[in-house]
Each structure stands twice: as C-alpha cells, then as structure tokens.
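Data first, discussion second: the structure below is written as structure tokens.
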Amino acid sequence: MRSALVVPAAGRGDRLGADRPKALVPLAGVPLLVHALRRATASGVVDVVVVVAPAGACDEVRELLAPVVADAVVVPGGAERQDSVRAGLAALPEDVDVVLVHDAARCLTPAPVFAAVVAAVRAGAPGVVPVVPVSDTVKRVAGERVVETVDRSELAAVQTPQGFSAPVLRAVHAAAPPGASVTDDAGMLEALGHPVVTVPGDERAFKVTRPLDLLLAEALLDREVAP
Ligand code: C5P
C-alpha cells in the first residue's frame, strides 16, 4: 500500500497581495509550491504526489514540477478549498491507503513532520493533525465586546500535513455538500464523529498568508543555507 500527498494549491492568495496564485509566489527565487514539495518528498514517506493547481495554470505547474517530482499528477482546482481537495482525491490511484493533505503555503514544513503524521495514521488513527501551542491569549468576542477569555491550555493551532486513512477521507468528502467552505479536512472527520489525534507540529510549518510571513520565510531560508 502507498501513501499519497495531495497539495491544494489552487487558491488566489489575495491576502498576500501578489500578482500570481500564492503557490507560485517565489521565495528566494523558487515558488512556494516547489519548496513545499522538496521537503515533503525528502521525508521518504510520500509515494504519490497530486498537485491541485489553479485552473488556468496546470501546464505551468507541470513544467515547474518536472525537475522536482517527475511523476506528479497535476489537476485543476475548484472554487473552494474543499472542491480542490476533492479533485485531488479523485486523481489518486486505488492502492493508496494513507493520504496527506498539505497546503503549499506551509512551504517550510520540515520533512520529519510528514513522517510523524504518516506513522500515526499507520498506527490506526483515521485522522491526524500536527499542532503547536497557542501563544496569544485568545478571547471570544461579539463585535467590539469581549465575551470571555478562552482557556489557552485547551487550545492548539493546527498545521498541515494532515493525514488520513484514504477510505475515511474519501467518505467524508463524498458526504459533504459541494461548495461548502471548509478550512480544514480534519474538521470534516470530526463533524462525522471520526477520531482525530494530534502529533507535535513545528513552528517552521507556519502558513505564508501575508507579506510579513514571506519575510519570515526568507529569513529562515537564509539561515538554513548559510555556511
Ligand atoms: O486561503 P488559504 O491559505 O486558507 O488556502 C489554503 C490552501 O488551500 C492554499 O494552499 C490554497 O492554494 C488552497 N486552495 C485551493 N483551492 C481553493 C482555495 C484554496 O487549492 N479554491
């Protein structure tokens, strides 16, 4: 049986304010998507790669990936993230039993996180999420009024790759109404009562969302390759 990586990379990335889809924005001259795939494949736990690209950019993405993951399958994405993940799942071979869903925007996620997530799925968890502690104090608000302070010790910030038993992930996507806005695949399992467990994430797996995140990613990359 094989593990597959599905990378939803079809978002526009409006919050980054770039002139191209976020996954194709360069970081040190290399698109975020390529950084993400290099780390994922270096983990040694990914056998199959499916990239869900912006509908008009599939050929560009295929060319970009040829030297990185020669046999990557590239399919066009949909209107919402969930539609894009579903398009990726539809392109998976039958013999895949573990699926990792990883945002291209978490482009510096270290390889060991991928291995830990796959190991936890193979150990029997239907869904696995890497998490890091929440460092801010978090409050529930209604408009401008603070309703309450949430107990931070009970919270975790969730990253990707999220890992799943392939049949369970296929089933929850088949059950979800198309077009619904879902930010997180594990949430779809939770909603249907499937257990989801955590493994330790990594601060470097932060999501490049705003221009400041790109600066941080560049600084980390500089530090990584410095002699
Ligand atoms: O917008 P956000 O950063 O939360 O998107 C998370 C991931 O989902 C990104 O990698 C983005 O490219 C992807 N996505 C997608 N198809 C969409 C919307 C987002 O593949 N329609």
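The values are calculated or read from the model by the stated rules, or taken from the named source; none is laboratory data. It should be emphasised that the depicted structure is a prediction, and the values quoted were computed from it without experimental measurement. Note: ideal-geometry Cβ built from the backbone for every residue, glycine included; neighbour counts use all protein chains shown. Heavy atoms of the whole protein, side chains included, go into the accessibility calculation; ligands, DNA and RNA do not. Shrake-Rupley method; radii C 1.70, N 1.55, O 1.52, S 1.80 Å.
Scanning region 211-222 for residues that are more than 20 Å from the chain's Cα centre (by Cα), of a type in the set (A, V, I, L, M, F, W, C) and not in a helix (DSSP H, G or I) turns up nothing. Considering each residue of region 63-86, count those that are touching a residue at least 40 places away in the same chain (Cβ under 8 Å), out of contact with any Lys or Arg (no Cβ under 8 Å at 6 or more places or on another chain) and either closer than 26 Å to Ser181 by Cα or β-branched (Val, Ile, Thr) (or both), and give that number. Result for region 63-86: 10. Please list, ordered by first then second residue, the pairs with beta carbon atoms under 6 Å, 6 or more apart or interchain, first in region 144-160 and touching a residue at least 12 places away in the same chain (Cβ under 8 Å), second in a helix (DSSP H, G or I) and open to solvent by less than 80 Å² (accessible area, probe 1.4 Å). Note: pairs meeting the criteria are Gln159/Ala205.
Summed over region 13-62, the residues that are open to solvent by less than 50 Å² (accessible area, probe 1.4 Å), part of a helix (DSSP H, G or I) and in contact (Cβ under 8 Å) with a residue 24 or more places away in the chain give a count of 14.
One line per residue, one yes/no per condition, for (1) within 30 Å of Gly29 (Cβ to Cβ); (2) in a helix (DSSP H, G or I):
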{"position": "Val74", "(1), (2)": "yes, no"}
{"position": "Ser84", "(1), (2)": "yes, yes"}
{"position": "Leu89", "(1), (2)": "no, yes"}
{"position": "Asp136", "(1), (2)": "no, no"}
{"position": "Ser153", "(1), (2)": "no, yes"}
{"position": "Phe164", "(1), (2)": "no, no"}
{"position": "Val168", "(1), (2)": "no, yes"}
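Does region 169-194 hold any residues that are in contact with a helix residue (DSSP H, G or I) (Cβ under 8 Å, 6 or more places away or on another chain), away from the ligand (no atom under 13 Å from the Cβ) and not hydrophobic (A, V, I, L, M, F, W, C), and which are they? Result: Arg170, His173, His194. Pairs linking a residue in region 103-127 that is assigned to a loop (DSSP other than H, G, I, E, B) and more than 16 Å from the ligand (Cβ to nearest atom) to a residue that is at pLDDT 95 or above and basic (Lys, Arg), with Cβ atoms under 9 Å and 6 or more positions apart or on different chains, are Pro110/Arg39; Pro110/Arg204.
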